[in-house]
Amino acid sequence: MRIGELSKRSGVSPRSLRYYEEQGLLTSSRSDAGQRHYSDAAVQRVSLIQQLFDAGMSSRVIATVLPCVDVPGDLGVAEETFTAMMRERDRIDADIAHLIETRDALDVLIRANSRHRAELSTAPKPVARSA
């Protein structure tokens with residue numbers, strides 16, 4: 001199938017499909033006219049690539065995980081894939097911890113601003129002097 005058909009069947013834009021190819025995540029053959037042609041299995045592969053992106057993986061990490069699909073019976077590849085996925089999970093955990101720290105720092109500022117607003121709302125209004 002051509003790129004437009006793969007795009008329709010997978011729900012992924014042609015631009016993204018070209019990017020997947022540039023990153024080595026997806027392959028196609030070329031016609032004499034230079035048009036990309038994909039196998040029917042490409043739809044399932046694109047779906048897997050999307051799942052991996054949704055899991056927070058970068059294209060670089062996805063490239064290290066996909067060999068597990070391409071060579072499913074290789075224990076070494078399966079171990080490398082497991083290690084890559086665990087490394088990504090650890091990275092996400094660190095990002096979450098950082099976000100929690102950032103949120104807590106913002107909460108301190110919000111509380112300070114709330115106190116300040118409360119003080120301003122109860123403070124006597126200055127009396128305007130006539131000139």
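The values are calculated or read from the model by the stated rules, or taken from the named source; none is laboratory data. It should be emphasised that the depicted structure is a prediction, and the values quoted were computed from it without experimental measurement. Using ideal geometry, Cβ is built from the backbone for each residue, glycine included, and neighbour counts are taken over all protein chains shown. Surface areas here come from the heavy atoms of the whole protein model, side chains and all, with no ligands, DNA or RNA. Shrake-Rupley method; radii C 1.70, N 1.55, O 1.52, S 1.80 Å.
For (1) open to solvent by 50 Å² or more (accessible area, probe 1.4 Å); (2) in a loop (DSSP other than H, G, I, E, B), each residue gets a yes or a no:
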| site | (1), (2) |
| --- | --- |
| Asp32 | yes, yes |
| Arg45 | yes, no |
| Pro72 | yes, yes |
| Ala78 | no, no |
| Phe82 | yes, no |
| Met86 | yes, no |
| Asp90 | yes, no |
Notebook entry, point to check: Can Tyr19 be described as among the hydroxyl-bearing types (Ser, Thr, Tyr) and open to solvent by less than 40 Å² (accessible area, probe 1.4 Å)?
Noted result: no
Notebook entry, point to check: Which members of the stretch 47-70 meet the condition of being assigned to a loop (DSSP other than H, G, I, E, B) and touching an Asp or Glu at 6+ places or on another chain (Cβ under 8 Å)?
Noted result: Ala55, Gly56, Met57
Margin query: Which of the numbered conditions does Ser130 fail, given that it passes all the others? Conditions: (1) assigned to a helix (DSSP H, G or I); (2) open to solvent by 70 Å² or more (accessible area, probe 1.4 Å).
Written below: (1)
Notebook entry, point to check: Taking only pairs six or more apart or across chains, which ones have beta-carbon atoms under 7 Å, a first residue in the stretch 59-72 that is hydrophobic (A, V, I, L, M, F, W, C) and modelled with pLDDT of 90 or more, and a second residue that is surrounded by fewer than 17 Cβ atoms within 10 Å (Cβ to Cβ) and in a loop (DSSP other than H, G, I, E, B)?
Noted result: Ala63/Gln23; Ala63/Gly24
Item checked: Looking only at the stretch 1-16, and only at residues there that are crowded, with 17+ Cβ neighbours inside 10 Å and in contact (Cβ under 8 Å) with a residue 12 or more places away in the chain, the one that is farthest from Arg89 (Cα to Cα) -> Ile3
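Let's see how each residue does on (1) at pLDDT 95 or above; (2) of a type in the set (Gly, Ala, Ser):
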position: Val77; (1), (2): no, no
position: Asp90; (1), (2): yes, no
position: Asp95; (1), (2): yes, no
position: Ile100; (1), (2): yes, no
position: Val108; (1), (2): yes, no
position: Asn113; (1), (2): yes, no
position: Glu119; (1), (2): no, no
position: Pro126; (1), (2): no, no
position: Ala131; (1), (2): no, yes
Item checked: Test for Phe53: is it among the aromatic types (Phe, Trp, Tyr) and open to solvent by less than 90 Å² (accessible area, probe 1.4 Å) -> yes
Check: Across the stretch 24-39, which residue is nearest to Phe53 (Cα to Cα) among those that are within 22 Å of the chain's Cα centre (by Cα) and modelled with pLDDT of 95 or more?
Finding: Leu25
